[in-house]
Amino acid sequence: MASNSCKSKILSNVLSCLNYKTGKFIIAESKRVGTLYRVIQLSIIGYLVGYVFLSKKSYQAKEESIQSAVITKLKGVAVTNTAESGRMVWEPVDYVIPPQGDAVFFIVTNFIETPNQKLGNCAESPDVPDGHCKGDKDCAKGESVKTGHGFRTGRCLRDNGKSSGTCEIYSWCPIESCHQPQDGHKHMSILREAENFTIFIKNFIRFPKFSFSKANVQDTADKYHLKKCHYDELLEPYCPIFRLGDIVYRTGHSFQDMVLRGGSIGILIKWKCDLDRDHSECKPRYNFTRIDINASRESTGFNFRHARYYKNESGEVYRTQFKVYGIRINIMVHGKDECIYFVS
Amino acid sequence: MASNSCKSKILSNVLSCLNYKTGKFIIAESKRVGTLYRVIQLSIIGYLVGYVFLSKKSYQAKEESIQSAVITKLKGVAVTNTAESGRMVWEPVDYVIPPQGDAVFFIVTNFIETPNQKLGNCAESPDVPDGHCKGDKDCAKGESVKTGHGFRTGRCLRDNGKSSGTCEIYSWCPIESCHQPQDGHKHMSILREAENFTIFIKNFIRFPKFSFSKANVQDTADKYHLKKCHYDELLEPYCPIFRLGDIVYRTGHSFQDMVLRGGSIGILIKWKCDLDRDHSECKPRYNFTRIDINASRESTGFNFRHARYYKNESGEVYRTQFKVYGIRINIMVHGKDECIYFVS
Amino acid sequence: MASNSCKSKILSNVLSCLNYKTGKFIIAESKRVGTLYRVIQLSIIGYLVGYVFLSKKSYQAKEESIQSAVITKLKGVAVTNTAESGRMVWEPVDYVIPPQGDAVFFIVTNFIETPNQKLGNCAESPDVPDGHCKGDKDCAKGESVKTGHGFRTGRCLRDNGKSSGTCEIYSWCPIESCHQPQDGHKHMSILREAENFTIFIKNFIRFPKFSFSKANVQDTADKYHLKKCHYDELLEPYCPIFRLGDIVYRTGHSFQDMVLRGGSIGILIKWKCDLDRDHSECKPRYNFTRIDINASRESTGFNFRHARYYKNESGEVYRTQFKVYGIRINIMVHGKDECIYFVS
């Protein structure tokens, strides 16, 4: 019986799968309630269409990717006076590295010059710990000096009467004298006029989905105005020419310090465009940040070395090495249009 | 009484929170209706599993990030003939700046050479408004000429009998003569063969989530074909060697104008890979756009200056300055595989 | 009648639009069922608030964009000995291209030098198929050699008694001798010490929405430790100084092969920061991949040519061309903080 009852229970459960369950409804045939009901329904649809679609524009598509091109051009000259090279004029072709107008570039503001280096033997710099020696046995021939400038020749060079010195090395001689960046140093020379250098930033953007393109240089701008304006957040927010001094000032850091030790600055161009409105409403906003500030003190600053190579009459190569301190500018472009479709 | 009734109303409202409200259902025990109901239910599930999951592959994961490396190599030679340097051959090492095979590079197509500039005194260019003068008092010593080339020496240089001239400056002399880019000018020389320069673009991509990697250079391609093919949208859509003339043609702009004044072109490589299908189906598509077209007329084009430094026997530095016009190529890689998991 | 009945049917259908249809509900006034129902409701809300919001932190905002700056500095010296230039010391200023401390740079590890090239006439390289000739008629004057080095002068140069040779061309002469990269070749010289070159990577990041910034160089690190540590995944995972040999080793590829033929390596820095926890928990992870491995064999490797220009006493330009093989490093920074708000 029990098993029978169980079987019938299972069967009834299986069959109950085939039951069709529905809610019980009441049809109220009152015209008043019905009209009210439909009016409410239409209001909701009307609200959606009228408010959300038209005024909030949520029917538009959110454009993810923006295509952008940046061309930069610097102007301004500086003069320096060093023991090594005398009076020297710096034009953009001399102080912008690399020179090709990219979105990322470096402006020399301070430098140490080591002219006329030739391959040969000379003493390693005392600033390199691994180059110190007390006798020739500390200078095993052919070994390189760790974080140094060349290869040991086997000799220890000591000044008269001193008990220690530095190994002789095969290297580009003379070795660069390691100065700490310091104002007024005789081997170091600051490009004081750097504050007035101007950077002309041309930025072209394109929203590929909408075939919409624009530039930060206004088409309507008269040529003359463009030649003499300077960016100012309040007075000239759309002038694409920036004074280097203003850029550093806007990051909140000291120009004197950046010019001396170097630094890295990001210029963020934000385009916020509502492509349903007039295209002239689509405008750039500029933002300036110093981006190398979180390191410990001894890591701040920006410098690197580069060299110019020459050959003398006998075909021997020699070079002038520059340790340059300066400001690296990194122009980044962000774009957002306000269009949002419902269908992603 | 009223307060009492109010209290009881509140109490009844609070208690009514504990009421449980459910719909009233009818269980229709008709096997016909029930079977139909379950059949419809199963069809929907079957549709979801069969169609959406298997053929539409919406179960796959959408990969956001793609890793990409681009290596470029140019080929082709050009010859120019200028008053300054005579007949000159241009190889990639001469006309590609920078030379290291990056995804962004510049091809010289036109140039103005100012050879043998030395530091010294000469007249400022008449093209610089701030350099004009009527007498020595307009040329205060030591001041730089705004957007000019050097520092005033204090003298105003005027041609015989003229009432105005330009200030003498300390600068790299002679000053570059400011030519407008113009074909046939004697100081300007176009690299006419630039149209036939070829760009070999190697593009390696990787979808890190899937450890899937591929290159636009086909593994199966025979070496000989790769050496002689040229990209063509219809005939050779997968040949990674592009003629510069074809690239400019595909942007819809005039080659003559770009070669003369310069310009900026974006090459977009789109990878659309369905990683469920055979890997050989994962192929690149190339797209070419001119990206500097929205500026006002006087801002179009692309040029910059660079210099080569020399030293003479007496150790004096001199330089040759090149104002180069040309085409900047910017290769951008976008990747999308078609895999979409439900779980994001 | 029929039309009348139809009309009335339509009318009744239209009017039935105004019917108001609602489910029939039962209000169960059982306190037991009601309490259970509310308890379940509160549990769900409690679970959402307690678990999802507080422990899973899904209330935080997901930060999309990270701002990042990378500064690189290389150390180490190498020595090479070639027939052309004798013993030469390579410092970072010589082997890092470009020298300005960017996130993408190239390290020379092997090179072929072609010194003292001058503009003039010489034989095209036999490696260029289009330069071969049997007689002067194969060398039409003024035409460029396809993928060759210059322009035909009209003469076919053949060695004594041979039936074929190569066209004479106007070019930078002598032409580079096309060596395959091969160890021990007399014109080729490997920078063997490259394995011990070190790369100091400074990476500064910023989450703009949270005004949070950090660097991979620890503020607390003592100066001395930073000078001598080397990155090691287990022992020194936060030391920002990397041996080139270690980097190549971590990609799983042969150092000998990469040094000889060149290659391209990506260093991915991943920041995973939970900004709700202590800021010192926000740390970088480094990842190393070779990114040029999918091409067919003859496409692998990385090389390019660059030149140094000189002038002799008579003002004639000559150059030394270097075909350099080496390792391109591409540093990419990804950032993700763990904050996720519900409101996107």
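Let me check something: with ligands and nucleic acids excluded, how do B:42, B:191 order by accessible area (1.4 Å probe), largest to smallest?
Largest to smallest exposure gives the sequence B:42, B:191.
Just tell me how shielded C:308-315 is by partners: mean number of partner chain Cβ atoms within 10 Å of each residue's Cβ, no decimals.
Averaged over the peptide's residues, the number is 6.
Taking every residue in C:88-97, how many Cβ atoms of other protein chains lie within 10 Å of its Cβ, on average?
Values: counts 3, 12, 2, 10, 2, 11, 6, 0, 3, 3.
If you average over the peptide's residues, the count of other-chain Cβ atoms is 5.
Determine the total buried accessible area between chain A and chain B, counting protein heavy atoms only with a 1.4 Å probe; round to the nearest 100 Å².
The contact between B and A buries close to 4500 Å².
Report the extension gain between residue B:274 and residue B:143 in nm, rounded to one decimal, defined as 0.36 nm multiplied by the number of residues separating them, less their alpha carbon distance.
Full extension of this stretch gives 40.7 nm more.
For B:272, C:75, what's the largest-to-smallest order of accessible area, 1.4 Å probe?
Result, largest first: B:272, C:75.
From the label point of residue A:118, set 7 Å along Cα to the beta carbon, how far off in nm is each other copy's matching point, shortest first?
List, nearest first: 2.3, 2.3 nm.
Sort the range B:78-202 into rounded, prolate or oblate with this rule: let a ≥ b ≥ c be the square roots of the eigenvalues of the Cα gyration tensor; rounded if a/c is under 1.5, and if a/c is not under 1.5, prolate when a/b is larger than b/c, oblate otherwise.
Cα axes put the range B:78-202 in the prolate bin.
Just list whichever of B:228/C:137; A:214/C:202; B:75/B:214; A:283/B:272; A:323/B:75 have alpha carbons separated by over 26 Å in the model shown.
Checking Cα-Cα distances, A:214/C:202; A:283/B:272; A:323/B:75 exceed 26 Å.
Whose amide H sits under 5 Å from the amide H of residue C:304, counting only residues 5 or more places off or on another chain, with H placed in the peptide plane?
The answer is C:324.
Roughly how many Å² of residue C:233 are accessible to a 1.4 Å probe, to the nearest 10?
90
What is the sum of charges, Lys and Arg at +1 and Asp and Glu at -1, for the other residues whose Cβ falls under 11 Å from the Cβ of residue B:80?
Values: positive: B:87, B:192; negative: B:84, B:94, B:113, B:193.
Its environment carries a net charge of -2.
Shortest first and in nm to one decimal, what separations exist between residue C:253 and its copies in the other chains, measuring from label points 7 Å along the Cα-to-beta-carbon line?
Values, ascending and in nm: 3.5, 3.5.
Placing a label point 7 Å from Cα toward Cβ, how far apart in nm is residue A:235 from its equivalents in the other copies, listed shortest first to one decimal?
Result, one decimal in nm: 6.1, 6.1.
Based on alpha-carbon centroids, what's the gap between the range B:98-141 and the range A:238-295 in Å, whole number please?
One Cα centre to the other: 27 Å.
Please list B:155-163, C:161-169 highest first by mean number of surrounding beta-carbon atoms within 10 Å per residue.
Ranking the peptides B:155-163, C:161-169 by packing returns C:161-169, B:155-163.
Tell me, what ³J(HN,Hα) does each residue in the range C:227-235 have, in order and in whole Hz, if you take phi through Karplus 6.51 cos²θ - 1.76 cosθ + 1.60 with θ = phi - 60° and put x for Gly and Pro?
6, 10, 6, 10, 4, 8, 3, 9, 7
With heavy atoms of protein chains only and a 1.4 Å probe, what residues of the range C:145-159 have at least 50 Å² less accessible area in the full set of chains than alone?
Flagged in the range C:145-159: C:147, C:151.
What average count of beta carbons from other chains do you get within 10 Å of the Cβ of residues in C:255-264?
Mean shielding by partner chains, rounded to a whole number: 1.
The values are calculated or read from the model by the stated rules, or taken from the named source; none is laboratory data. Here the structure is a predicted model, which is why all the values come from computation and not from measurement. Reconstructed Cβ throughout: ideal geometry from the backbone, glycine too, with neighbour counts over all protein chains shown. Heads up: the accessible areas ignore ligands, DNA and RNA and are worked out on the full protein's heavy atoms, side chains in. Shrake-Rupley method; radii C 1.70, N 1.55, O 1.52, S 1.80 Å.
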